[in-house]
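Heads up: the structure comes next, in structure tokens.
The values are calculated or read from the model by the stated rules, or taken from the named source; none is laboratory data. All values derive from a computational prediction rather than experimental measurement. Reconstructed Cβ throughout: ideal geometry from the backbone, glycine too, with neighbour counts over all protein chains shown. Side chains are part of the model used for accessible areas, which takes the heavy atoms of the whole protein and leaves out ligands, DNA and RNA. Shrake-Rupley method; radii C 1.70, N 1.55, O 1.52, S 1.80 Å.
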Amino acid sequence: MKATEEKLGSVKRFGARYGRKPKLKFSKIETEQRKLHKCPYCSKTAVKRVAVGIWHCRKCNAKFTGKAYSVNKRIIEKEAAELVEEPAIIKEEIEEASEEA
Ligand SMILES: [Zn+2]
């Protein structure tokens, strides 16, 4: 699997709509939202999102509040920052190729 395909994941359901950049960003957030998170109480990776900001640990049965798409804030902000850099590089490559032709 190529790196770009891996990043799209669940966003494939949108087909060709909405553009690449917003879809990539959405993909990152949705992946974070859906994956199992680490429980702050029992430290097991068994926490699932119940609703916006509500998280439930399947191991110790704890139900608690967190961020809307993640248990803690840090992860999403870091990955979103990395993502902004990437499409710019690809755009430059395309522009170079069109100049040669
Ligand atoms: Zn737990």
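Tabulated data for the structure shown
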quantity	calculated
Of all residues in segment 39-56 being open to solvent by 80 Å² or more (accessible area, probe 1.4 Å) and more than 9 Å from the ligand (Cβ to nearest atom), the one that is farthest from Val11 (Cα to Cα)	Thr45
Hits in segment 50-66 (condition: within 17 Å of Glu32 (Cβ to Cβ) and part of a loop (DSSP other than H, G, I, E, B))	Val52, Gly53, Gly66
Pairs with Cβ under 8 Å, 6+ apart, first in segment 31-52 and closer than 10 Å to Val71 by Cβ and touching a residue at least 12 places away in the same chain (Cβ under 8 Å), second more than 15 Å from the ligand (Cβ to nearest atom) and open to solvent by less than 80 Å² (accessible area, probe 1.4 Å)	Glu32/Ser70; Glu32/Ile75; Glu32/Ile76; Glu32/Glu79; His37/Ser70; Arg49/Gln33
Some residue of segment 67-85 being part of a helix (DSSP H, G or I), of a type in the set (D, E, K, R) and at pLDDT 90 or above	no
Exclusive hit being more than 13 Å from the chain's Cα centre (by Cα), within 16 Å of the ligand (Cβ to nearest atom) and at negative phi, set Lys35, Lys59	Lys59
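Rundown of residues vs (1) part of a helix (DSSP H, G or I); (2) modelled with pLDDT under 95, yes/no style:
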{"position": "Arg13", "(1), (2)": "yes, yes"}
{"position": "Tyr18", "(1), (2)": "no, yes"}
{"position": "Leu24", "(1), (2)": "yes, yes"}
{"position": "Lys48", "(1), (2)": "no, no"}
